[in-house]
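To start, the structure itself, in structure tokens.
The values are calculated or read from the model by the stated rules, or taken from the named source; none is laboratory data. Quick caveat: nothing in here was measured; it's all calculated off a predicted structure. Methodologically, a virtual Cβ is constructed for each residue, glycine included, from the backbone with ideal geometry; neighbour enumeration extends over all protein chains shown. Calculation scope for accessible area: heavy atoms of the full protein, side chains included, ligands and nucleic acids excluded. Shrake-Rupley method; radii C 1.70, N 1.55, O 1.52, S 1.80 Å.
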Amino acid sequence: VTDYRPVLDRVGRYDCIFMPTCACLSEQTLARIRRFVQEGGNLVATFDTSLYDENGRARNGFGLADLFGVARIAGLTAYQNFNYFGIDVADPLFEGLERDRLPAPGFGLEIEPAPGARVLARFYRPQAGRYTDPTEREKPAILMNRFGKGQCLYLAGTFGETAMVHAFVEYRRLFANAARVLARPVVEVEGTLGNVEVVARRR
């Protein structure tokens, strides 16, 4: 889907928007998203969002690099199901996550953060095998970057796709925390199993 105009016309009403692997975006769309964040909106984006134009032609880097806080893309890493990324459990984004070593997504872009961007998580160097010794943290996995009056949370991997396939509880918590940190809650539901749909209506 490359025509986001119906959504873009209403984007200003939201505190935060999620753009999971929205690879192909037009210059018009990039300008509207950039203005949204500049004016105080917040953005959560993953993997190759904005790397291509609306016709699928590759850009020379992210179209939204200034929002993501990414200076350069150095490559791509394929992670196995015994690879991990590490987090700072003290950060509000990771509230409720007791372990600092979480399953890596299937793919991660090798990025260099721009000055001012905060690295909130890093991929561990891929292990040679499931039962080999643990490795060290190295490449950034999650960045938080301020742009104008707003902020952008960028996840440098296929976190959305991995969450759909494996339904990691930790990923659901991470996404829920991102929404809680970057948007004002309309309603809070306590004591549920996580599979409750809530529709808030107001006049």
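Results for (1) closer than 20 Å to GLY106 by Cβ; (2) more than 19 Å from the chain's Cα centre (by Cα); (3) surrounded by 12 or more Cβ atoms within 10 Å (Cβ to Cβ), shown as yes or no for each residue.
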residue	(1), (2), (3)
ASP9	no, yes, no
ASP15	no, no, yes
CYS22	yes, no, yes
THR29	no, no, yes
PHE47	yes, no, yes
ASP53	no, yes, yes
GLY61	no, no, yes
GLN80	yes, yes, yes
Yes/no for ASN42 being open to solvent by less than 60 Å² (accessible area, probe 1.4 Å), under 14 Å from the mean Cα position of the chain (by Cα) and within 24 Å of THR162 (Cα to Cα): yes
Residue, nearest to GLY41 (Cα to Cα), within region 135-160, restricted to residues that are among the charged types (D, E, K, R) and in a strand (DSSP E or B): ARG146
The residue that is modelled with the lowest pLDDT, considering only those in region 82-95 that are surrounded by fewer than 18 Cβ atoms within 10 Å (Cβ to Cβ) and within 19 Å of VAL181 (Cβ to Cβ), is VAL89
Restricting to region 175-198, what's the tally of residues that are modelled with pLDDT under 75 and among the polar types (S, T, N, Q)? 2
Go through (1) open to solvent by 20 Å² or more (accessible area, probe 1.4 Å); (2) on the phi < 0 side of the Ramachandran plot and name the single condition LEU102 misses. (1)
